[in-house]
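The values are calculated or read from the model by the stated rules, or taken from the named source; none is laboratory data. The model shown is predicted, which means the values in this text are computed figures rather than measured ones. Neighbour counts are summed over all protein chains in view; Cβ atoms, including those assigned to glycine, are modelled from backbone coordinates with ideal geometry.
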Amino acid sequence: MSSRGRLSEKICLITGGAGNIGEIITKRFLEEGAICIITGRNREKLQNLKNKLFGAEKNGRSRSLYLLAFNAANPSEVHEAMQQVKREFGRIDVLVNNAGTAGPKQTLANLPFTQAELEALRQQGFADTETVFDAVGNILGITWLMTRAAFDVLSVGASVINVSTIFSRTEYFGRAAYSVPKSALNALTKHMARELGLSQKGIRLNIVYPGPIDTDRIRIVFSAMDKLKSQKEGATQEHFFDKMILQRESERGMTKIFPKAEDVANTILFLASDESKAFAGHAFEVTNGMQVAEESRTTLTSRPRLRISDGTGKKVLIIAGDQIDDAVGYAKRFLEAKSGVILVFQHPVYYERAKSEYPQLDIRHFDALDAESRHAFFTALLGDAPIDNVIVLPRCEKNFQNAYLLDTSDELAQKFLDQEIVGTLAVASSLAKFFVEEQDKLREAPRVVFISSPAYGRSVYHDILRAANEELIRIWRDEAATLKAQGKQKFEIVAHQLLRFTQKEENNFNLTAGFALELLNTAKKLEEINLYLPAYVEQPAQSGLVDSLYGMHLGKVAVITGGSQGIGGEIGRMLALAGARVVLAARREAELEAKRKQIVEEITRIGYSSPEERVAILPNVDVADENALNRLVEFTVRKFGRIDYLINNAGIAGAETMVVDMSLKDWRHTLKANLISNFSLMRKVLPLMKRQGYGYILNVSSYFGGEKYVAVPYPNRADYAASKAGQRALAESFAKFLGPELVINAIAPGPVEGRRLAGEGNQPGLFERRSRLILATKRINDLYAATIQALNDGAKIEDLLASMQHNSVDELLDGATVHQRLQMMAHHIRNTADSHSASYTHLMDKGIAEKFIERLKVGCYLTDPELGAKFLRDLPLPTEEFFSREFLLREAKKIHDGILSMLYLKRMPTEEDIALATVHYLAAGGVSGETFHPSGGLRFDRTVTEGELFGKPKQERLAQFEGKTIYIFSEYLFEEAARLTRAYIGEYKVKQVVLLTKSTYIAEQFRLRFPEWEKTGRLHVRAIGMQLEDAIDKAVADFGRPHAVVSMPFEPIPIKPLVADKSGNWENVFNERDFEELIENNLTFHFRIARKCSLLGEMQIVLVTPKTSQRSTDEEFALANFIKTTLHSLTATLGVENERLIHHAAVNQVDLTRRAKSEKPRTESEIEEELERFVTACLLTTAPLPTPEESRYRSRIYRGNAITV
């Protein structure tokens, strides 16, 4: 060996110098005159190499080879070793970071992270000796640590060579623990080369990528890999040969062969020599020309395709570290995209904070570095399977924001290795295993996206993690594809990495979230692994559907009532985003201004021209005020010249009480605000829209307004439900007359997640209001039931009120003269009431007391008004809340959970969901007369509006009419009432029929028809005008309480056109006043009678809808069907409510109008048959029913029905 050469007198430290390639490097360096220091853990191994090179020679050339044994993974030993080198040699001219290990040779799912897992593999016959922690430290950690520790000893202009492997950039089955840290080393080299090169020492750092080295060992490795992958012998070798572009001379002539160890040593020799002084940060591939990309990457240049991002029915697992805001942001975006979300924080501090700040999210915890924690989490997660998508975020985003690689502490470097490199491998390992365990529940290949941290300072560490994750994904993809081909798992893996840190615009997060949605919720599949955010792309919409709106409604003008917030505000916003000009109308100006400001800012960003001119507001609009509605139409036409869309969205919640407790004023107000206003506005814009040749009217109804031909009972909300059913029925009934130019539809959401549902300011949300209402109603029902039962036992009303006058549960329990029924009620209160509120000690609060007394008055049990007034005056009221807030919230949660259980999607739609559906619905010009239900799949009990009459009541039921009293309200349906009267008195021997008419003329006609029965007292006829309640009170006083009531409307359907004729004359067209009278005569009329009679005792109540015939106009048919549909909502709701009253009054509906005019009778015999069917239907619905005690089932099914005759 020459003492002079290319490395003459250079002090060269070679880690792993006694290894396979290390030995060749050492030998070549010695041949070129270097003084070599070779390191390793095993001194014996180092000595064996020295003996091999120099034999027994004690002096001379052997002095150029020094042995330094220490554990390079131990920082203290490394630093001590470098101090020793400094003492003995003074400097290092060349540092070759060659040391490393093979790592455990296992597929991702089987990687060992603990000694116990490693031992388990050994028990299975595997020869692995390292955990993943060991491998990462021995492959990446040693090189990083050696370079940091040696920096002070390195000479000016020194050369550092890191030895990686070409396998760090290729698939390498079952070698993730080796290739992933090597890939991280590649990026670390690039960034450290800059720090070393720009330091005062000007140190050059380069990296060498050996390919497969031509040894028996690599052939054994590739052969084993062929078997693992079920490939033919030599397939792996050929795979790498195919990547080579260089043939070399061999024993077989010119052919592709693997490079030799000497090729690697000679490359490193070149980099160690002064011949490479101009090279820094360069990569030297010793592979015989293997064509392997430096990085699998692309830049995403287009906006995320959010319009096709569909997360419905999917579940995403978000694994986060310390980035609460971003993690929660991703969770919310995926929830908006209809995905289920499980959010995991690895750090316990951030987990606790997130769980406290976002209780509505499903937030969980595990520590990837704690095998037991990780295994327990993923075992439990199988209960939530399938998990379709996963987002993996860095564990510690904030720790490595501005750190350097050379100046970092040993502790921070180790933290990075453990938490980011090993931690990510651990997460991926558990996911790989989990996906196999849940594969039978998956519908398609699971998708995983690793998302980097945003741009913080230098982002060096983020790029190292990027490189590690890239190789991890590459190997994961290959292993999954191989195992799928072998039939060991059903699916491959679709995995990518989103890189944020190269883009520093304000829209970074929204872009990242948008691309994550596209990658996970679409079928998008890119070959490239690393997906970089573009330097600039226009900010995406928050939702893919919003993104698709742009330009959809260009040129249109929309009026939205109730447009300041909630659904109306969102509809206005999205129509504006879609290009429409909008007028938002509401009562409160400040809220309108805020909504307008938000919309203008958004459409300005989109780029619409004159954004300030596109959104107008009109405050102080109460839709129950006709003048305000006129002002709204005039304002819009003056501002924009036309109205294309009328969105009837404004409305009120209604009285929120049972029908029997609802005042006539409240009923009328709700119908005025929610229904009559809809028609009024529609009637005002129809002439304009007809002249334009286009218009779209959309009524924002409710799921509780029912569906076509179906009613949904909505207890305690009958006024609201009827008004919403009417909005829907308007669309169904009027569509025929508004076409072809005009479209009318309805949209009917259920409970909507938003400000109003949650409550605003001091106002409680919907569920809390409902809980208070339900609890208060139960108490009223208890008080009322006990009172009625006591009255039936013979008690006097004044005595019962006197017992309750103290308003004390204890007084009832302890009072010697208290009626037994009241004492039983007091015991019930004690057993069920909230002991932390006044409801436990008091019978009632002011509101309950007023409703209780009103019921007694309406039901004709309390006929002395002064007695009721005195009771209310003298009643001591509780000083604390009647129901505690905690109790109310518990009840509210039950209601909330009950609603969720009836939602197919198990979540309530948001206001944005409803608005999006609406705006897209408006674009569907080919649909009219329909109702769309964006309710989250809500399914309540429903009852059919057009049930057919089949059969007759059984004779034993009919026989029970004998001796009963029947009330019949009738005016223009004279023949129907007469036939029914004849059946009751003549055939079934009722005691008496009380016939109440509007006019004296019709009353006289009935007397003339049945003079004998009137003389004998079997028939009593009275003309009452519209004094319905007073007439019932007098009838009860004179004739006793009824056993059945048949309510027929006093007024027929008006005969008027619904739209102008071809001349455009609207003067005699059905107008606002006509519609209000229609509602009063056909809905409010029945409400008044049913409300009153439901409290008179056990009975059957029948509500009859208007009559039509073959001679009726199409308009009459439309209005009659409108009434039939709307009334059924009241019928169904009252049928359910009355089940909860002591009287159990059954309410049903008989319809005298069919859906199709062609089904109406044509001949005299058919007309006669229809009359008989009517009588049969009334007999069926008024015949006595079994009590709930006798048959709960039968008593329930014979109520809330609608029968068509």
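Residue 592 passes all but one of (1) in contact with a Ser or Thr (Cβ under 7 Å, 6 or more places away or on another chain); (2) assigned to a strand (DSSP E or B); (3) of a type outside the set (Val, Ile, Thr); which number fails? The failed condition is (2). Of all residues in segment 238-248, at least one satisfies being farther than 26 Å from residue 530 by Cβ, of a type outside the set (Phe, Trp, Tyr) and in a strand (DSSP E or B). Residues that are of a type outside the set (S, T, N, Q), more than 28 Å from residue 135 (Cα to Cα), at pLDDT below 90 and out of contact with any Lys or Arg (no Cβ under 8 Å at 6 or more places or on another chain) within segment 53-95 comprise 55, 56, 57, 58, 60, 61, 63, listed in sequence order. Return yes or no: is residue 604 among the β-branched types (Val, Ile, Thr) and crowded, with 23+ Cβ neighbours inside 10 Å? So residue 604 fails the test.
The rows are residues; the columns are (1) more than 21 Å from residue 854 (Cβ to Cβ); (2) within 43 Å of the chain's Cα centre (by Cα); (3) not assigned by TED's automatic domain parsing to the domain that holds residue 792.
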residue	(1), (2), (3)
1075	yes, yes, yes
1106	yes, no, yes
1119	yes, yes, yes
1139	no, yes, yes
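If you go through segment 1154-1175 and pick out every residue that is in contact with a helix residue (DSSP H, G or I) (Cβ under 9 Å, 6 or more places away or on another chain) and either assigned to a helix (DSSP H, G or I) or of a type in the set (D, E, K, R) (or both), you end up with 8. Given the condition of a type in the set (Val, Ile, Thr), buried (at least 21 other Cβ atoms within 10 Å of the Cβ) and part of a helix (DSSP H, G or I), answer yes or no: does some residue in segment 1105-1125 qualify? Scanning segment 1105-1125 turns up at least one residue that is of a type in the set (Val, Ile, Thr), buried (at least 21 other Cβ atoms within 10 Å of the Cβ) and part of a helix (DSSP H, G or I). Can you find a residue in segment 295-315 that is under 30 Å from residue 211 (Cβ atoms), of a type in the set (D, E, K, R) and not in a helix (DSSP H, G or I)? So far as segment 295-315 goes, yes, one or more of its residues are under 30 Å from residue 211 (Cβ atoms), of a type in the set (D, E, K, R) and not in a helix (DSSP H, G or I).
Got at least one residue in segment 178-187 being outside any helix (DSSP H, G or I) and out of contact with any strand residue (DSSP E or B) (no Cβ under 8 Å at 6 or more places or on another chain)? Looking through segment 178-187, none of the residues is outside any helix (DSSP H, G or I) and out of contact with any strand residue (DSSP E or B) (no Cβ under 8 Å at 6 or more places or on another chain). Taking the numbered list (1) modelled with pLDDT under 85; (2) closer than 30 Å to residue 360 by Cβ in turn, residue 946 passes all entries but (2).
For segment 430-489, a tally of residues being at pLDDT 90 or above, of a type in the set (Phe, Trp, Tyr) and in a helix (DSSP H, G or I) returns 3. With the requirement that a residue be among the β-branched types (Val, Ile, Thr) and assigned to a helix (DSSP H, G or I), what does segment 59-112 give you? Once the filter is applied, which keeps residues that are among the β-branched types (Val, Ile, Thr) and assigned to a helix (DSSP H, G or I), segment 59-112 yields 78, 85. Remark: residue 421 matches the filter, which requires a residue to be buried (at least 22 other Cβ atoms within 10 Å of the Cβ) and part of a helix (DSSP H, G or I).
Just one of the listed residues (472, 442, 465, 498) is more than 26 Å from residue 187 (Cα to Cα) and touching a residue at least 12 places away in the same chain (Cβ under 8 Å), and it is 442.
All of 948, 976, 886 fail the test of being surrounded by fewer than 22 Cβ atoms within 10 Å (Cβ to Cβ), touching a residue at least 40 places away in the same chain (Cβ under 8 Å), farther than 30 Å from residue 551 by Cβ and assigned by TED's automatic domain parsing to the domain that holds residue 1050, apart from 948. Would segment 749-756 turn up any residue that is modelled with pLDDT under 90 and surrounded by fewer than 17 Cβ atoms within 10 Å (Cβ to Cβ)? Yes: segment 749-756 contains one or more residues that are modelled with pLDDT under 90 and surrounded by fewer than 17 Cβ atoms within 10 Å (Cβ to Cβ). For segment 824-874, a tally of residues being surrounded by fewer than 18 Cβ atoms within 10 Å (Cβ to Cβ) and aliphatic (A, V, I, L, M) returns 4.
In a residue-by-residue description of segment 681-699, the property of being modelled with pLDDT under 95, among the charged types (D, E, K, R) and farther than 21 Å from residue 731 by Cβ applies to at least one position. Within segment 316-369, the only residue that satisfies the criterion of being without any contact (Cβ under 8 Å) to a residue 12 or more places away in the chain, assigned to a loop (DSSP other than H, G, I, E, B) and polar (S, T, N, Q) is 360.
Comparison of 131, 101 shows that the only residue that is among the hydroxyl-bearing types (Ser, Thr, Tyr) and surrounded by fewer than 20 Cβ atoms within 10 Å (Cβ to Cβ) is 101. Looking across segment 381-425, just one residue is hydrophobic (A, V, I, L, M, F, W, C) and touching a Cys at 6+ places or on another chain (Cβ under 9 Å), and that is 416. Looking at the structure I just gave you, is residue 388 buried (at least 21 other Cβ atoms within 10 Å of the Cβ), in the same structural domain as residue 329 (by TED's automatic domain parsing) and not aliphatic (A, V, I, L, M)? Yes, satisfied.
Scanning segment 1067-1092 for residues that are touching a helix residue (DSSP H, G or I) at 6+ places or on another chain (Cβ under 7 Å) and assigned to a helix (DSSP H, G or I) yields a total of 15.
Count of segment 397-414 residues, restricted to those that are part of a loop (DSSP other than H, G, I, E, B), surrounded by fewer than 20 Cβ atoms within 10 Å (Cβ to Cβ) and not charged (D, E, K, R), is 8.
Of the residues making up segment 371-396, just one is of a type in the set (Lys, Arg) and assigned to a helix (DSSP H, G or I), namely 374.
Counting just the residues of segment 199-216 that are over 16 Å from residue 263 (Cβ atoms) and not polar (S, T, N, Q), which one comes out surrounded by the most Cβ atoms within 10 Å (Cβ to Cβ)? Result: 205.
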